[in-house]
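The values are calculated or read from the model by the stated rules, or taken from the named source; none is laboratory data. These numbers come from a predicted model, not from an experiment. Here the Cβ positions follow ideal geometry from the backbone for every residue, glycine too, while neighbour counts run over all protein chains shown. Keep in mind that these areas ignore ligands, DNA and RNA; they rest on the heavy atoms of the full protein, side chains included. Shrake-Rupley method; radii C 1.70, N 1.55, O 1.52, S 1.80 Å.
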Amino acid sequence: MTQSKFDAIVVGAGMSGNAAAYSMARRGLKVLQLERGEHSGSKNVQGAILYADMLEAIIPNFRDDAPLERHLVEQRFWLMDDSSHTGVHYRSGDFNELKPNRYTIIRAQFDKWFSHKVREAGGTVLCETTATRLAWDLSGKVIGVHTDREGGVILADVVVLAEGVNGLLGTRAGLRDMPKSENVALAVKEMHFMPEDVIAERFGLSGSEGCVIEAGGTISRGMAGLGFLYTNKESISVGIGCLVSGLAEGMENPYRLLDAFKQHPSIRPLLAGSEIKEYAAHLIPEGGFKAIPQLFGNGWVVVGDAAQLNNAVHREGSNLAMTSGLMAGEAIFQVKSRGGLMTKRNLSLYKGILDKSFVMKDLIKHKDLPSLLHTDSHNFFMTYPTLISQAAQNFVRVDGAPKINREKATAASFIKARSRWGLISDAVRSAASWR
Amino acid sequence: MKTTIIERIEDKLYQNRYLVDTGRPHITVRPHLSPSPSLLALTKICPAKCYELNEIGQVAIVSDGCLECGTCRVLCEASGDIKWNYPRGGFGVLFKFG
Ligand SMILES: Cc1cc2nc3c(=O)[nH]c(=O)nc-3n(C[C@H](O)[C@H](O)[C@H](O)COP(=O)(O)OP(=O)(O)OC[C@H]3O[C@@H](n4cnc5c(N)ncnc54)[C@H](O)[C@@H]3O)c2cc1C
Ligand code: SF4
């Protein structure tokens, strides 16, 4: 490594780091990106749904060569109890558009592609290199990073911390707190392979159409959590995530939860005959707006999951990561082109841009939901799913009992489980946190 | 009737690619007489089953199968129960799909 100074060092080559590095390199800044994996993506895990608009804002013609799996035409939300699911399915031919809105992707491949774009734009990407700590000057400004390679400090005007949810640099330097166990979910995930035509038949798809299922209910055993099943071209990503605090309190075993999810009578037929080729685990930041740390300082900014910019309610993360990376890159470029220094004051421009975007607006909108789900998880993930399943079965089953009796039984079961007051309060609080 | 196929964690991890940095574990457990509740929880919630109770009731780690998720760090680093680092660049789990 030459000891020349960079305009910016980006730590991490995930969604946010690649967006930041690309947007700066493209504008002619001298960018060094460090990635601890063998190649970009080899440490990263996602479901994964890619939201096209946010990538299009960075690389308009990404559809030409990005590794995309299927474009989504159908989304299913399933509320599950132990033997049933009650579902809402949305499918629309409108999603078979010229420039589809959402795709499934495979992160290890996608990140490699994105990283290639960074190199094409003129950025230097150094893989197999872990940044070990930040370097500071006497005035308390970040001036670069130390790595586990020989050669001492690498210097830059600004460091972009794109190190993901489990970033060590920022937390160890005291720039932000370590994520709390009630603000992060542990997700475990498997890749199930099967022929393309089998997937198409099972989900009613043709061509590159795709379908995703999000599932909540007793599968998370009363903990705040969600299961998912996403169709790729020749594989299905299946996984489940629960808050770490819930897992620790319940001493629950995440891969047993995943196995039980896979064995659920609604899921098992969809996976039958598949070959499992990988098992992965990763944290997801779920604290929302209230968990967002300080986003900028003297010589540094933080983007993506490291900054808890993740919308757990809508299962969006990569798009917030990409957008925050892009905006950090834009802010740094603007400061630089005005001849400004990378001071805290000048870098506040990054937050200014971010505040105006959907990233902050969406996170503010749902700011009360994470704590609601956390404190009331048993009702939302155990009691209601069971009750709703019973209600649906009461509605569907035909056995000669008068309908009015069934309806009364359904209403009584809700009141018995949660009391009238409990039902009203749950409804009001849910609505308020959604507003 | 419900059938349950218990899949072994070893079989799951066997599907993955790893480059183990032999002799340089990236996570270590602080020596203790009896484990704290959080440390004990890791024997259940670590997704790679890296933590296990030994014969004298202490929690021990073998980090070879680690998925680098950070769960144990979130739960036990602040209390000093464990020391956590990323493996050296290029080592550790290497996701083919992620
Ligand atoms: C199971 C699961 C499902 C998900 N599903 C979706 C979904 O469907 N749609 C969606 O939009 N989002 C989803 N997300 C969220 C999404 O994956 C994240 O929000 C996104 O990846 C965050 O990007 P990032 O760049 O901030 O962090 P990451 O993508 O985690 O990247 C961080 C990078 O930094 C590197 N790194 C860390 N520390 C160092 C260091 N010290 N030195 C060098 N390199 C370092 C890492 O190796 C990694 O490459 C999901 C997440 C999970 C876990
Ligand atoms: S980082 Fe995750 S997989 Fe590795 S030991 Fe800790 S909990 Fe287990």
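Annotations for the structure displayed:
- Helix-only mean residue ellipticity at 222 nm for the protein assembly as shown, each DSSP H run of n ≥ 4 adding -39500 (n - 2.57), per residue, nearest 500: -10000 deg cm²/dmol
- P(r) for region A:93-181, from all Cα pairs and a bin width of 5 Å, is 3, 10, 16, 17, 16, 14, 9, 6, 5, 3, 1, 0, 0 %, short bins first.
- Cα→Cβ-extended label distance, 7 Å offset, between residue A:425 and residue A:334, nm: 4.6
- Along its principal axes, region A:39-122 has C-alpha extents of 53, 32, 16 angstrom, given from the largest down.
- Reduction of at least 50 Å² in accessible surface, 1.4 Å probe, comparing all protein chains with the chain by itself, residues of region A:176-193: A:178
- The Cα atoms of chain A give a gyration tensor whose axes a ≥ b ≥ c have a/c of 1.5 or more with a/b greater than b/c, which makes the shape prolate.
- Of the GluC sites (Glu not before Pro) in region B:1-60, those whose Cβ has at most 14 other Cβ within 10 Å and which sit in DSSP loop: B:55
- Residue-averaged beta-carbon neighbours from other chains (10 angstrom radius) around B:62-70: 5
- Cα centroid separation - region B:48-85 against region A:280-311, whole Å: 24
- Computed from the Cβ-Cβ distance with R0 of 35 Å, the FRET efficiency linking residue A:409 to residue A:277 stands at 0.15.
- At R0 = 41 Å, FRET efficiency that the Cβ-Cβ distance of residue A:90 and residue A:249 yields, to 0.05: 0.75
- Global form of chain B, assessed from the alpha-carbon gyration tensor, a/c cut-off 1.5: oblate
- Length released on extending from residue A:138 to residue A:378, taking residue separation times 0.36 nm less the Cα-Cα span: 81.3 nm
- Carbon plus sulfur fraction of accessible area for chain A, probe 1.4 Å, in percent: 55
- Between residue A:77 and residue A:172, the contour length at 0.36 nm per residue exceeds the alpha carbon distance by 30.3 nm.
- Using only the C-alpha atoms, the convex hull of region A:170-215 corresponds to 149 Å³ per residue.
- Remark: accessible area buried at the B-A interface is about 4200 Å², both chains counted, probe radius 1.4 Å.
- Buried on assembly, region A:31-45 (at least 30 Å² less accessible surface than by itself, 1.4 Å probe): A:36, A:38, A:42, A:43
- Across the accessible surface of chain B, with the other protein chains kept in place and a 1.4 Å probe, carbon and sulfur atoms take up 56 percent.
- Modelled spin labels at residue A:65 and residue A:356, positioned 7 Å past Cα toward Cβ, are 3.3 nm from each other.
- Charge context of residue A:187, other residues only, Cβ under 13 angstrom, K/R +1, D/E -1: -1
- Partners of residue A:351 within straight-line reach, counting lysines whose Cα lies under 20 Å from its Cα and excluding those fewer than 8 residues away in the same chain: A:141, A:290, A:336, A:361, A:365, A:367.
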